[in-house]
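Below is one structure; the comments refer to it alone.
Bear in mind these aren't lab numbers, they're just calculated from the coordinates by the rules spelled out. Owing to the predicted nature of the structure, the values given are computational and were not obtained by experimental measurement. Cβ sites come from the backbone with ideal geometry, for glycine too, and all protein chains shown count toward neighbours.
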Amino acid sequence: MTPEEFKKSLEFGHKWEEKLTTLIPCNSFKRIEGNFKYYDIEFYTNEGTKYYEVKADKLAYKTGNFGIEYECYKQASGISVTTADYYAIFVVKPYDMYDLYIIPVQVIKDKINERAYKRQVWGGDQKLAGIYIFGIETFAQYKTTY
């Protein structure tokens, strides 16, 4: 990935993080800047602090699948290291439309342990990221109405 492509990808991710901050009811929030692999946003609610990892997938609406990263550059990453309570996954569609899935991290980990994913692939930059591919229907009950 070129520096220009990386910058564009980062801006795309930040756009969806910002979108989530407008959707989650909370008293306040803190977006984590920089290269922090454990979660993206802290939401402060009346029930306590909730931690979210935010993902946005531009192909999921076409394929019916989304990926959950577990390794990158031979190091544990993504779902393997997150301390988030929830994964917020935006299935991005044309014309700024989207579906949003708010999935408890423990549910994802349980589905991995059950081998409920379709397959594992190597993708991302230079195909160095290990990714579990799940059918969107696996998490249908977590689709939100925000």
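Would you point out the residue of region 66-91, among those that are part of a loop (DSSP other than H, G, I, E, B) and of a type in the set (S, T, N, Q), that is farthest from residue 105 (Cα to Cα)? Checking each candidate, the answer is 77.
Within region 87-143, the set of residues being loosely packed, with under 14 Cβ neighbours inside 10 Å and touching a residue at least 60 places away in the same chain (Cβ under 8 Å) comprises 125, 137. Filtering region 66-77 to residues that are on the phi > 0 side of the Ramachandran plot and free of Cβ contacts under 8 Å to residues at least 40 places away in the same chain leaves nothing.
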